[in-house]
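The values are calculated or read from the model by the stated rules, or taken from the named source; none is laboratory data. Remember, it's a predicted structure, so these values are computed and weren't measured experimentally. Methodologically, a virtual Cβ is constructed for each residue, glycine included, from the backbone with ideal geometry; neighbour enumeration extends over all protein chains shown. Please note that ligands, DNA and RNA were not included when accessible areas were found on the heavy atoms of the full protein model with its side chains. Shrake-Rupley method; radii C 1.70, N 1.55, O 1.52, S 1.80 Å.
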Amino acid sequence: MRGQITLLEPVPVELGPGAWHMPGRALAKAGGLLDAIAEVIRDVPLRQMLTPGGRRICAPMTNCGRLGWISDRRGYRYSAEDPLTGRPWPPMPELVAQLARQLAGEAGYAGFEPDACLVNAYRPGMRMGLHQDRDEADMSQPIVSVSLGLPAVFLWGGLRRGDKARRVTLAHGDALVFGGESRMCFHGIAPVARGRHPKTGELRYNLTLRRAAA
Ligand code: MD3
Ligand code: FE
């Protein structure tokens with residue numbers, strides 16, 4: 001049939017200049033990634049952080065890697081210590097770091113070496129408002145994200161807060177790589193719909209891999 005294609009394997013979709021959605025690209029590693037997340041969470045539990053304005057950030061989060069992203073009344077920043085204990089974050093699992101390097105390379109960002117991995121855990125109803133990631137030292141470095149468990153609608157806006165946001169569904173095993181001209185785009189997550197995932201139950205995990213220090 002002319003015009004009809006069969007997708008034997010999912011292909012990367014360029015969402016915008018330097019921004020790639022890679023459906024299912026992390027699926028083969030999903031089991032190992034979930035095991036790695038479970039181990040991190042045993043060590044440094046998920047917690048709800050406060051914004052500088054004193055509001056609770058919806059999704060509980062924690063970190064692994066040399067640096068962790070934290071937020072409290074003093075602001076947003078990266079810290080080498082877990083503020084709950086004063087101890088270093090657990091090391092980034094090699095499986096996670098390796099996948100991030102691989103995906104960044106495939107998107108055209110050779111030499112990406114993540115030093116921070118933020119773990120977000122969303123339950124149905126939880127969302128993340130439109131924001132920019134601007135706490136990293138070198139904005140020429142891309143960001144890699146992997147979605148696991150319940151699906152979510154990713155809101156992908158423009159360089160100005162008011163720009164209309166596109167909606168892209170992120171499923172279990174999907175990856176995103178954002179760099180170049182898209183690095184400073186506003187983005188967020190729409191409220192997660194009710195549901196159950198065979199591997200995570202009523203949870204969506206997101207791993208956000210960044211180069212925080214120069
Ligand atoms: C686009 N997390 O933690 S990941 C965040 O699913 C965050 O938990 C969302 O935004 C989540 O900051 C979205 C995808 C993502 C991460 C960083 C980006 C998209 C991005 C940086 C620039 C543009
Ligand atoms: Fe973000």
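Tabulated data for the structure shown
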read-out: Residue-count net charge about Ala97 - beta-carbon cut-off 10 Å; Lys, Arg +1, Asp, Glu -1; value: -2
read-out: Two-decimal log10 I(q)/I(0) for region 85-128, as the Debye equation yields it once each C-alpha is a single scatterer, q = 0.15, 0.29, 0.31, 0.34 Å⁻¹; value: -0.56, -0.99, -1.06, -1.18
read-out: Contour minus Cα-Cα distance for Ala110 and Asp35 (0.36 nm per residue); value: 24.3 nm
read-out: 1.4 Å probe accessible area per residue over the chain, in Å²; value: 51 Å²
read-out: Added length on full extension, which subtracts the Cα-Cα distance from 0.36 nm per residue, Gln132 to Gln98; value: 9.7 nm
read-out: Compactness of the chain, expressed as Rg and Dmax over alpha-carbon positions, Å; value: 16.6, 63
read-out: Cut-off 14 Å between beta-carbons: net charge of the residues surrounding Val153, Lys and Arg +1, Asp and Glu -1; value: +4
read-out: Relative contact order of region 13-210, defined on C-alpha pairs under 8 angstrom at six or more residues apart (%); value: 27 percent
